[in-house]
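Remarks on the structure that follows.
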Amino acid sequence: MYTFGLVLGAGGDKASAFHAGVLATIVNETGWDPRASEVIVGTSAGATAASQLRAGLSGPDLFARIVGEPMSAEGQAITGRVVTPYDGSRTTEPSKIPGKPQLIARSVLGGFRPGLAFAGAMPRGTVSGNSLEKRINELYGPDNSAWPDEPTWLVTVRLKDGKRLVLGRDDVQVQSIGQGVRASTAVPGTFEPVTIDGNEYVDGAVHSTTNVDLLAGLGLDGVIVSSPKSISPADANWKEYTSRTFFRRAVQAEVEKVQKSGIPVLVVEPDIETVDLLETDPLDGGAIAAAASKLTKAALGRSKKVAKRLAEQATEDAE
(Lines give C-alpha, C1' and ligand atoms only; values in the text may rest on other atoms or scores of the structure.)
Protein backbone atom coordinates (compact mmCIF):
# COMPACT_ATOMS: atom_id res chain seq x y z
CA MET A 1 0.00 0.00 0.00
CA TYR A 2 1.29 3.45 -0.97
CA THR A 3 0.84 6.69 0.96
CA PHE A 4 0.70 10.11 -0.66
CA GLY A 5 0.91 13.71 0.43
CA LEU A 6 -1.02 16.43 -1.36
CA VAL A 7 0.08 20.08 -1.42
CA LEU A 8 -2.37 22.76 -2.54
CA GLY A 9 -0.90 26.23 -2.98
CA ALA A 10 -2.06 29.83 -2.76
CA GLY A 11 -3.56 32.11 -5.39
CA GLY A 12 -7.12 33.21 -4.63
CA ASP A 13 -10.25 32.23 -6.53
CA LYS A 14 -8.24 31.46 -9.66
CA ALA A 15 -6.10 29.04 -7.70
CA SER A 16 -9.30 27.24 -6.66
CA ALA A 17 -10.10 26.70 -10.33
CA PHE A 18 -6.55 25.51 -10.97
CA HIS A 19 -6.73 23.04 -8.07
CA ALA A 20 -10.06 21.71 -9.35
CA GLY A 21 -8.50 20.95 -12.73
CA VAL A 22 -5.52 19.22 -11.14
CA LEU A 23 -7.55 17.13 -8.69
CA ALA A 24 -10.16 16.00 -11.21
CA THR A 25 -7.49 14.98 -13.70
CA ILE A 26 -5.57 12.95 -11.10
CA VAL A 27 -8.78 10.98 -10.56
CA ASN A 28 -9.61 10.63 -14.25
CA GLU A 29 -6.09 9.64 -15.36
CA THR A 30 -4.99 7.36 -12.51
CA GLY A 31 -8.15 6.38 -10.67
CA TRP A 32 -6.64 7.53 -7.37
CA ASP A 33 -8.84 9.69 -5.16
CA PRO A 34 -7.06 12.72 -3.58
CA ARG A 35 -9.46 12.48 -0.63
CA ALA A 36 -7.41 9.43 0.40
CA SER A 37 -4.25 11.52 0.87
CA GLU A 38 -2.27 10.55 3.95
CA VAL A 39 -1.75 14.26 4.63
CA ILE A 40 -2.94 17.42 2.86
CA VAL A 41 -1.04 20.70 3.15
CA GLY A 42 -3.16 23.72 2.26
CA THR A 43 -2.00 27.32 1.99
CA SER A 44 -4.46 30.19 1.52
CA ALA A 45 -6.73 29.17 -1.40
CA GLY A 46 -5.20 25.72 -1.01
CA ALA A 47 -6.51 25.60 2.55
CA THR A 48 -10.02 26.10 1.21
CA ALA A 49 -9.55 23.29 -1.32
CA ALA A 50 -8.04 21.03 1.37
CA SER A 51 -11.03 21.60 3.65
CA GLN A 52 -13.42 20.83 0.79
CA LEU A 53 -11.69 17.53 0.06
CA ARG A 54 -11.75 16.55 3.74
CA ALA A 55 -15.45 17.44 3.86
CA GLY A 56 -15.97 14.78 1.18
CA LEU A 57 -16.07 16.75 -2.08
CA SER A 58 -14.30 14.82 -4.83
CA GLY A 59 -11.95 16.23 -7.45
CA PRO A 60 -14.53 15.76 -10.22
CA ASP A 61 -17.18 17.51 -8.09
CA LEU A 62 -14.86 20.45 -7.48
CA PHE A 63 -14.26 20.62 -11.24
CA ALA A 64 -17.99 20.41 -11.99
CA ARG A 65 -18.67 23.19 -9.49
CA ILE A 66 -16.12 25.45 -11.17
CA VAL A 67 -17.35 24.89 -14.73
CA GLY A 68 -21.04 24.93 -13.83
CA GLU A 69 -21.79 21.28 -14.55
CA PRO A 70 -23.94 19.02 -12.33
CA MET A 71 -22.15 17.53 -9.34
CA SER A 72 -22.69 14.03 -8.07
CA ALA A 73 -25.50 13.39 -5.59
CA GLU A 74 -22.84 13.17 -2.86
CA GLY A 75 -21.37 16.53 -3.85
CA GLN A 76 -24.78 18.18 -4.01
CA ALA A 77 -25.60 16.90 -0.53
CA ILE A 78 -22.38 18.32 0.91
CA THR A 79 -22.60 21.73 -0.75
CA GLY A 80 -26.31 21.88 0.07
CA ARG A 81 -25.39 22.25 3.75
CA VAL A 82 -23.94 25.70 3.10
CA VAL A 83 -26.55 28.37 3.87
CA THR A 84 -24.45 31.39 4.87
CA PRO A 85 -23.97 33.92 2.04
CA TYR A 86 -20.44 35.15 1.48
CA ASP A 87 -19.90 38.69 2.79
CA GLY A 88 -16.80 40.52 1.56
CA SER A 89 -17.76 43.95 2.88
CA ARG A 90 -15.39 45.99 5.04
CA THR A 91 -16.07 46.29 8.76
CA THR A 92 -14.15 49.59 9.08
CA GLU A 93 -12.52 52.14 6.81
CA PRO A 94 -9.06 51.06 5.61
CA SER A 95 -5.97 52.66 7.14
CA LYS A 96 -2.73 53.71 5.45
CA ILE A 97 -0.54 52.87 8.44
CA PRO A 98 1.67 49.75 8.06
CA GLY A 99 0.28 46.96 10.21
CA LYS A 100 3.55 45.43 11.42
CA PRO A 101 6.59 47.33 10.09
CA GLN A 102 9.04 45.27 12.18
CA LEU A 103 8.31 42.33 9.89
CA ILE A 104 9.98 44.19 7.02
CA ALA A 105 13.34 44.01 8.81
CA ARG A 106 12.67 40.44 9.88
CA SER A 107 12.02 39.45 6.27
CA VAL A 108 15.55 40.53 5.36
CA LEU A 109 17.42 39.30 8.43
CA GLY A 110 15.80 35.85 8.36
CA GLY A 111 16.52 35.17 4.68
CA PHE A 112 14.63 37.37 2.25
CA ARG A 113 10.92 36.63 2.21
CA PRO A 114 8.99 39.24 0.23
CA GLY A 115 5.71 37.94 1.60
CA LEU A 116 6.80 38.76 5.12
CA ALA A 117 7.81 42.28 4.07
CA PHE A 118 4.43 42.63 2.36
CA ALA A 119 2.62 41.57 5.55
CA GLY A 120 4.54 44.13 7.57
CA ALA A 121 4.05 46.98 5.13
CA MET A 122 0.34 46.52 4.50
CA PRO A 123 -2.21 48.16 6.82
CA ARG A 124 -4.48 45.95 8.89
CA GLY A 125 -7.14 44.34 6.79
CA THR A 126 -10.73 45.42 7.27
CA VAL A 127 -12.73 42.59 5.68
CA SER A 128 -14.02 40.02 8.13
CA GLY A 129 -13.57 36.39 7.13
CA ASN A 130 -16.42 35.36 9.41
CA SER A 131 -18.74 34.31 6.59
CA LEU A 132 -16.01 32.16 5.02
CA GLU A 133 -15.43 30.46 8.38
CA LYS A 134 -19.14 29.69 8.70
CA ARG A 135 -19.42 28.41 5.13
CA ILE A 136 -16.51 26.00 5.57
CA ASN A 137 -17.90 24.69 8.84
CA GLU A 138 -21.31 24.19 7.24
CA LEU A 139 -19.78 21.84 4.66
CA TYR A 140 -19.07 19.46 7.53
CA GLY A 141 -22.47 19.67 9.15
CA PRO A 142 -23.30 21.01 12.63
CA ASP A 143 -21.45 18.35 14.63
CA ASN A 144 -18.31 17.63 12.58
CA SER A 145 -16.48 20.91 12.03
CA ALA A 146 -13.91 20.72 14.89
CA TRP A 147 -11.13 19.33 12.63
CA PRO A 148 -10.93 16.42 10.17
CA ASP A 149 -9.67 13.13 11.60
CA GLU A 150 -7.28 12.72 8.67
CA PRO A 151 -4.07 14.83 8.82
CA THR A 152 -4.97 18.23 7.40
CA TRP A 153 -2.27 20.89 7.73
CA LEU A 154 -3.34 24.46 7.06
CA VAL A 155 -0.48 26.95 6.98
CA THR A 156 -0.69 30.38 8.58
CA VAL A 157 1.74 33.01 9.86
CA ARG A 158 1.79 34.51 13.36
CA LEU A 159 1.65 38.25 12.90
CA LYS A 160 3.66 39.29 15.94
CA ASP A 161 6.88 37.62 14.76
CA GLY A 162 6.29 36.26 11.24
CA LYS A 163 6.63 32.62 12.34
CA ARG A 164 5.02 29.91 10.23
CA LEU A 165 2.48 27.82 12.15
CA VAL A 166 0.81 24.69 10.83
CA LEU A 167 -2.76 24.36 12.08
CA GLY A 168 -3.70 20.73 12.52
CA ARG A 169 -0.10 19.82 13.38
CA ASP A 170 1.33 22.39 15.76
CA ASP A 171 0.10 23.05 19.29
CA VAL A 172 -2.43 25.75 18.44
CA GLN A 173 -5.97 25.45 19.79
CA VAL A 174 -8.07 26.03 16.69
CA GLN A 175 -11.81 26.16 17.30
CA SER A 176 -12.86 24.68 13.96
CA ILE A 177 -11.70 23.80 10.46
CA GLY A 178 -13.44 26.98 9.28
CA GLN A 179 -11.36 29.10 11.63
CA GLY A 180 -8.23 27.38 10.31
CA VAL A 181 -9.15 28.18 6.71
CA ARG A 182 -9.97 31.74 7.69
CA ALA A 183 -6.52 32.18 9.27
CA SER A 184 -4.71 30.62 6.32
CA THR A 185 -6.53 32.92 3.87
CA ALA A 186 -6.30 36.21 5.82
CA VAL A 187 -4.49 38.21 3.13
CA PRO A 188 -2.67 41.17 4.78
CA GLY A 189 -4.17 44.53 3.91
CA THR A 190 -7.48 42.96 2.90
CA PHE A 191 -8.73 40.59 5.59
CA GLU A 192 -8.64 41.10 9.34
CA PRO A 193 -6.03 38.99 11.12
CA VAL A 194 -7.57 36.00 12.89
CA THR A 195 -7.10 35.66 16.64
CA ILE A 196 -6.37 32.13 17.86
CA ASP A 197 -5.07 31.33 21.33
CA GLY A 198 -4.42 35.02 21.98
CA ASN A 199 -2.28 35.53 18.85
CA GLU A 200 -3.15 37.08 15.50
CA TYR A 201 -2.58 35.10 12.31
CA VAL A 202 -2.49 35.97 8.61
CA ASP A 203 -2.28 34.22 5.24
CA GLY A 204 0.16 31.29 5.09
CA ALA A 205 1.43 32.47 1.69
CA VAL A 206 3.30 35.19 3.59
CA HIS A 207 5.83 32.43 4.35
CA SER A 208 5.50 30.33 1.18
CA THR A 209 2.93 29.89 -1.55
CA THR A 210 3.09 26.09 -1.19
CA ASN A 211 5.05 25.01 1.94
CA VAL A 212 6.01 21.73 0.26
CA ASP A 213 8.97 21.31 2.61
CA LEU A 214 6.62 20.34 5.46
CA LEU A 215 6.38 16.86 3.92
CA ALA A 216 10.13 16.14 3.84
CA GLY A 217 11.13 13.09 5.85
CA LEU A 218 7.61 11.74 6.40
CA GLY A 219 8.29 8.48 4.58
CA LEU A 220 5.55 9.01 2.00
CA ASP A 221 5.57 7.14 -1.31
CA GLY A 222 4.80 10.22 -3.35
CA VAL A 223 3.83 13.89 -3.14
CA ILE A 224 1.55 15.79 -5.53
CA VAL A 225 1.94 19.57 -5.65
CA SER A 226 -0.53 21.99 -7.24
CA SER A 227 1.27 25.34 -7.42
CA PRO A 228 -0.84 28.03 -9.11
CA LYS A 229 1.39 30.97 -8.09
CA SER A 230 4.61 29.74 -9.72
CA ILE A 231 5.45 29.11 -13.36
CA SER A 232 6.75 26.13 -15.33
CA PRO A 233 10.55 25.76 -15.68
CA ALA A 234 10.38 26.33 -19.43
CA ASP A 235 8.84 29.77 -18.86
CA ALA A 236 10.67 30.66 -15.64
CA ASN A 237 12.67 33.46 -17.28
CA TRP A 238 9.63 35.19 -18.76
CA LYS A 239 10.37 38.77 -17.71
CA GLU A 240 6.77 39.93 -17.47
CA TYR A 241 6.20 37.60 -14.52
CA THR A 242 9.28 38.01 -12.34
CA SER A 243 7.35 37.33 -9.11
CA ARG A 244 6.32 33.94 -10.49
CA THR A 245 9.94 33.19 -11.28
CA PHE A 246 10.77 33.90 -7.63
CA PHE A 247 7.94 31.65 -6.45
CA ARG A 248 9.08 28.96 -8.88
CA ARG A 249 12.57 28.94 -7.38
CA ALA A 250 11.15 28.81 -3.87
CA VAL A 251 8.89 25.88 -4.77
CA GLN A 252 11.79 24.07 -6.41
CA ALA A 253 13.96 24.50 -3.32
CA GLU A 254 11.18 23.06 -1.17
CA VAL A 255 10.61 20.18 -3.60
CA GLU A 256 14.31 19.33 -3.50
CA LYS A 257 14.15 19.00 0.29
CA VAL A 258 11.36 16.44 -0.10
CA GLN A 259 13.19 14.60 -2.87
CA LYS A 260 16.39 14.44 -0.81
CA SER A 261 14.40 12.61 1.86
CA GLY A 262 13.67 9.92 -0.75
CA ILE A 263 10.15 10.94 -1.75
CA PRO A 264 9.29 11.37 -5.46
CA VAL A 265 7.36 14.54 -6.24
CA LEU A 266 4.93 15.45 -9.02
CA VAL A 267 4.55 19.21 -9.51
CA VAL A 268 1.87 20.94 -11.57
CA GLU A 269 2.70 24.57 -12.41
CA PRO A 270 1.16 26.99 -14.92
CA ASP A 271 2.77 27.45 -18.31
CA ILE A 272 2.82 30.92 -19.89
CA GLU A 273 -0.60 30.49 -21.52
CA THR A 274 -2.16 29.47 -18.20
CA VAL A 275 -0.40 32.31 -16.40
CA ASP A 276 -2.11 34.71 -18.80
CA LEU A 277 -5.46 33.27 -17.68
CA LEU A 278 -4.48 33.52 -14.03
CA GLU A 279 -3.23 37.10 -14.27
CA THR A 280 -6.09 38.69 -16.19
CA ASP A 281 -9.61 39.66 -15.20
CA PRO A 282 -12.33 38.58 -15.14
CA LEU A 283 -12.10 35.11 -13.63
CA ASP A 284 -12.63 32.37 -16.22
CA GLY A 285 -12.78 29.34 -13.95
CA GLY A 286 -13.65 26.90 -16.70
CA ALA A 287 -10.70 27.91 -18.89
CA ILE A 288 -8.29 27.80 -15.92
CA ALA A 289 -9.53 24.37 -14.80
CA ALA A 290 -9.24 23.02 -18.35
CA ALA A 291 -5.70 24.40 -18.68
CA ALA A 292 -4.74 22.87 -15.33
CA SER A 293 -6.12 19.55 -16.50
CA LYS A 294 -3.87 19.61 -19.57
CA LEU A 295 -0.86 20.53 -17.43
CA THR A 296 -1.62 17.70 -15.00
CA LYS A 297 -1.67 15.13 -17.78
CA ALA A 298 1.75 16.36 -18.87
CA ALA A 299 3.07 16.27 -15.30
CA LEU A 300 1.89 12.67 -14.89
CA GLY A 301 3.82 11.81 -18.04
CA ARG A 302 7.00 13.37 -16.62
CA SER A 303 6.66 11.95 -13.09
CA LYS A 304 6.19 8.35 -14.08
CA LYS A 305 7.06 6.87 -10.68
CA VAL A 306 4.38 8.87 -8.87
CA ALA A 307 1.84 8.26 -11.65
CA LYS A 308 2.50 4.50 -11.56
CA ARG A 309 2.12 4.34 -7.80
CA LEU A 310 -1.11 6.35 -7.90
CA ALA A 311 -2.59 3.96 -10.45
CA GLU A 312 -1.44 0.91 -8.50
CA GLN A 313 -2.93 2.26 -5.30
CA ALA A 314 -6.21 3.02 -7.06
CA THR A 315 -6.34 -0.58 -8.29
CA GLU A 316 -5.66 -1.90 -4.80
CA ASP A 317 -8.35 0.35 -3.30
CA ALA A 318 -10.87 -0.88 -5.85
CA GLU A 319 -10.28 -4.57 -5.08
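Inspect the range 296-311 for any residue being assigned to a loop (DSSP other than H, G, I, E, B) and on the phi < 0 side of the Ramachandran plot and give the result as yes or no. Scanning the range 296-311, I find at least one residue that is assigned to a loop (DSSP other than H, G, I, E, B) and on the phi < 0 side of the Ramachandran plot, so the answer is yes.
Output the residue which, of all residues in the range 137-159 that are charged (D, E, K, R) and free of Cβ contacts under 8 Å to residues at least 40 places away in the same chain, is surrounded by the fewest Cβ atoms within 10 Å (Cβ to Cβ). Top of the filtered list is Asp143. Flag set for Ser95, criterion: at pLDDT below 80, of a type in the set (S, T, N, Q) and assigned to a loop (DSSP other than H, G, I, E, B).
Of all residues in the range 32-39, none satisfies being β-branched (Val, Ile, Thr) and either surrounded by 24 or more Cβ atoms within 10 Å (Cβ to Cβ) or closer than 11 Å to Val155 by Cα (or both). Within the range 185-200, does at least one residue satisfy the condition of being buried (at least 23 other Cβ atoms within 10 Å of the Cβ), hydroxyl-bearing (Ser, Thr, Tyr), closer than 13 Å to Val41 by Cα and in contact (Cβ under 8 Å) with a residue 12 or more places away in the chain? No; the residues of the range 185-200 include none that is buried (at least 23 other Cβ atoms within 10 Å of the Cβ), hydroxyl-bearing (Ser, Thr, Tyr), closer than 13 Å to Val41 by Cα and in contact (Cβ under 8 Å) with a residue 12 or more places away in the chain.
Please determine whether any residue of the range 219-228 is in contact with a His (Cβ under 6 Å, 6 or more places away or on another chain) and open to solvent by less than 50 Å² (accessible area, probe 1.4 Å). Yes - at least one qualifying residue is present in the range 219-228. In the set Ile196, Ile224, Ile231, Ile177, only one residue is aliphatic (A, V, I, L, M) and in contact with a strand residue (DSSP E or B) (Cβ under 7 Å, 6 or more places away or on another chain); that residue is Ile224. The residues of the range 109-128 that are surrounded by 13 or more Cβ atoms within 10 Å (Cβ to Cβ) and either polar (S, T, N, Q) or not in a loop (DSSP other than H, G, I, E, B) (or both), listed by number, are Pro114, Gly115, Leu116, Ala117, Phe118, Ala119, Gly120, Ala121, Thr126, Val127, Ser128. A Cβ distance below 7 Å, combined with a sequence gap of six or more or placement on separate chains, defines the contacts here; from the range 4-24, residues that are of a type in the set (Asp, Glu) reach no residue that is in a strand (DSSP E or B) and surrounded by 24 or more Cβ atoms within 10 Å (Cβ to Cβ). State whether one or more residues within the range 239-257 are open to solvent by 30 Å² or more (accessible area, probe 1.4 Å), without any contact (Cβ under 8 Å) to a residue 12 or more places away in the chain and of a type in the set (Val, Ile, Thr). Within the range 239-257 (the criterion being open to solvent by 30 Å² or more (accessible area, probe 1.4 Å), without any contact (Cβ under 8 Å) to a residue 12 or more places away in the chain and of a type in the set (Val, Ile, Thr)), the answer is yes, since at least one residue qualifies.
Here are some residues: Thr25, Thr43. Which one is over 27 Å from Glu316 (Cα atoms), of a type in the set (Val, Ile, Thr), in contact with a helix residue (DSSP H, G or I) (Cβ under 6 Å, 6 or more places away or on another chain) and open to solvent by less than 30 Å² (accessible area, probe 1.4 Å)?
Details: Thr25 fails: over 27 Å from Glu316 (Cα atoms).
Exactly one residue qualifies, and that residue is Thr43.
The set of residues from the range 166-184 being surrounded by 23 or more Cβ atoms within 10 Å (Cβ to Cβ) and more than 16 Å from Ser51 (Cβ to Cβ) is empty.
The values are calculated or read from the model by the stated rules, or taken from the named source; none is laboratory data. Please read these numbers as outputs of a predicted model, since none were measured by experiment. We place every Cβ from the backbone using ideal geometry, glycine too, and count neighbours over all the protein chains shown. Surface accessibility is based on the protein's heavy atoms, side chains included, excluding ligands, DNA and RNA. Shrake-Rupley method; radii C 1.70, N 1.55, O 1.52, S 1.80 Å.
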